[in-house]
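Below you'll find the structure, written out as structure tokens, and then a few comments.
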Amino acid sequence: MESKKKHIFDEVKNVKRLLNCLYVCCAMLLISDFVIHRHVSHHWERLWAFYPIYGFVGCVVLVLVATWMRRLLMRGQDYYNDEGIDYNSKNKGGRQDLSHNRAKEEGHDVDA
């Protein structure tokens, strides 16, 4: 039998431990928001939970802009295919000699 190397997160208890550590870190950061004095440049930075809200809104805006850009910039699946080249032809190694085809199209005799 083939023994596969187990990853640290293959066990459920390790995943639960990691999640619990992340929850504790989030709770400590939330509590520290009330205790630590921040030196702010703008008055809206003093609002409670400004930075989490700012980060969430920033991520949402980033996803919406990326979706819009995808529609604008996306090309078809056959965008890079040339109509004159047959990529499915059976040749040496399954590839076609493009210089040979180009020379034939230009009227040069490659074999001479």
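The values are calculated or read from the model by the stated rules, or taken from the named source; none is laboratory data. As the structure is a computational prediction, the values presented were derived from the model and not from experiment. In this analysis, Cβ positions are derived from the backbone assuming ideal geometry, glycine residues included, and neighbour counts consider all displayed protein chains. We work out accessible area using only protein heavy atoms, side chains counted, and drop any ligands, DNA or RNA first. Shrake-Rupley method; radii C 1.70, N 1.55, O 1.52, S 1.80 Å.
For this structure, a couple of remarks:
- Test: PHE56 is surrounded by 10 or more Cβ atoms within 10 Å (Cβ to Cβ) and in contact with a helix residue (DSSP H, G or I) (Cβ under 8 Å, 6 or more places away or on another chain): no
- Among the residues of the range 1-60, the ones that are β-branched (Val, Ile, Thr) and more than 26 Å from the chain's Cα centre (by Cα) come to 6 in all.
- From the options ALA66, ALA103, ALA27, ALA112, residue that is assigned to a helix (DSSP H, G or I), of a type in the set (A, V, I, L, M) and at pLDDT below 80: ALA103
- For first residues located in the range 2-31 and within 24 Å of PRO52 (Cα to Cα) and without any contact (Cβ under 8 Å) to a residue 40 or more places away in the chain, partners that are small (Gly, Ala, Ser) and open to solvent by less than 90 Å² (accessible area, probe 1.4 Å) and lie 6+ apart or on another chain with Cβ distances below 9 Å form the pairs LEU30/ALA49.
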